[in-house]
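Report on the following structure.
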Amino acid sequence: MAEVKVKPEVPDPLEIENRIIELCHQFPHGITDQVIQNDMPHMEPQQRAMAINRLLSVGQLDLLRSNTGLLYRIKESQNAGKMKGSDNQEKLVYQIIEDAANKGIWSRDIRYKSNLPLTEINKILKNLESKKLIKAVKSVAASKKKVYMLYNLQPDRSVTGGAWYSDQDFESEFVEVLNQQCCKFLQTKAEAAHDSKQNPMIQRNSSFASSHEVWKYICELGISKVELSMEDIETILNTLIYDGKVEMTIIAAKEGTVGSVDGHMKLYRAVSPIIQPTGLIRTPCGLCPVFDDCHEGGEISPSNCIYMAEWLEF
């Protein structure tokens, strides 16, 4: 796949405000500054503060206090005014879709929860779509089915497939490029630590890199056509851990430290096996992260394991 060098641009204030509103809809009980920072790590604190202050000033957000600090929550009056003039059946369907949040809900499940005829549900869905209160989104889990969610919500990764899917097709080449570049970054850091000629403990500690450092490196490379989050990069790093190329450790970190979540930070470093793994470990089962959940007749089983099938063919 050809590499497209496009560096992610800092979003304008309106995009930041819209994203904060989306986060508030995804977390109805409220969001903290840390949630916003983790979702948009490239954004400067001043930009975040300006966007929040503007939303508070125009009455779109409520400011609350909790045990964990300040919370920002969408004003309930906004949600109540959307369905003004609608009949009870339409309000019921809207409420069911709203409860599904950004994961969406199939029309079949709406029918089951509302006990309304399918023809009536289809009519209501079309009406709500025309008012731009809801939208239909194709799911990667079932390409021929659509899920419905509120119009202003960003679909969950389980629906769109996240950065790894394009038009419902898995971008295997893109994932492989990211896999190689993340591994290369950690290997380079490990080599630099080894060449420093310091004592072994200092060398080991300096070979670690946070997921934020790896994310920043990938962004600066400009190899992605889509904006990647730290969660996306951690997914790639997890695959390297399963391959035995990387190890992870978790350390305590001060609140507000870039890359930290709930006072903890994940650190990664490249590793090389001292001896070759045994034959059993080389099988897919030897490194499978869901080994304990695998059994015949279950959702995960040896008979439908694609990794086992590929390994046997090899």
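The values are calculated or read from the model by the stated rules, or taken from the named source; none is laboratory data. Small disclaimer: the values here were computed from a predicted structure and weren't measured. Here Cβ is always computed from backbone atoms with ideal geometry, including for glycine, and neighbour counts include all displayed protein chains. These accessible areas exclude ligands, DNA and RNA; they are computed on the full protein's heavy atoms, side chains included. Shrake-Rupley method; radii C 1.70, N 1.55, O 1.52, S 1.80 Å.
Over the residues of the chain, the helix contribution to mean residue ellipticity at 222 nm works out to -14000 deg cm²/dmol, using -39500 (n - 2.57) for each DSSP H run of at least 4. In this rough spin-label picture, where each label sits 7 Å from Cα along the Cβ direction, the L118-S272 distance is 6.2 nm. Rounded, prolate or oblate: which fits the chain, taking a ≥ b ≥ c as square roots of the Cα gyration tensor eigenvalues, rounded meaning a/c under 1.5, else prolate when a/b beats b/c? Oblate, because a/c is 1.5 or more while a/b does not exceed b/c.
Heavy-atom accessible surface of the chain, averaged per residue, reaches 63 Å², computed with a 1.4 Å probe. Which angle from 0 to 90°, rounded to the nearest 10, does the C-alpha axis of helix 13-26 make with the longest principal axis of the chain? The helix 13-26 is inclined about 80 degrees to the chain.
Modelled label positions at E255 and I306, each set 7 Å beyond Cα in the direction of Cβ, lie 4.3 nm from each other. Extension gain, S172 to S206: 0.36 nm times the residue separation minus the Cα-Cα distance gives 9.1 nm. Quick one: among G69, G104, G298, which has the greatest mean-square fluctuation in a GNM of the chain with alpha-carbon springs under 10 angstrom? Per the Cα network of the chain with a 10 Å cutoff, G298 tops the list. A Förster radius of 30 Å, combined with the Cβ-Cβ distance separating E44 from E129, puts the computed FRET efficiency at roughly 0.20.
Place a point 7 Å from Cα of C288 in the direction of its Cβ. Which residues in the stretch 295-314 have their backbone N less than 13 Å from it? Under 13 Å, as judged by backbone N against the label point of C288, lie 295-312 of the stretch 295-314. Rolling a 1.4 Å probe over the protein chains gives H42 an accessible area of about 50 Å². Heavy-atom surface analysis with a 1.4 Å probe gives the chain a carbon and sulfur content of 53 percent of its accessible area. Taking a ≥ b ≥ c as the square roots of the eigenvalues of the Cα gyration tensor of the stretch 13-73, is the shape rounded (a/c under 1.5), prolate (a/b larger than b/c) or oblate? Rounded, because the longest to shortest axis ratio a/c is under 1.5.
A Förster distance of 30 Å, applied to the separation of the beta-carbon atoms of H264 and R65, puts the FRET efficiency at 0.80.
The mean sequence separation of alpha-carbon pairs under 8 Å and at least six residues apart, normalised by the residue count of the stretch 172-270, gives a relative contact order of 32 percent.
For the set K123/K144; K146/K216; K123/K225; K75/K145; K144/K266; K126/K225, the pairs lying more than 29 angstrom apart at their alpha carbons are K146/K216; K123/K225; K75/K145; K144/K266; K126/K225. Within the chain, which is the longest segment that contains none of the GluC sites (Glu not before Pro) sitting in a DSSP loop with at most 14 other Cβ atoms within 10 Å? Longest run free of exposed loop sites: 10-226.
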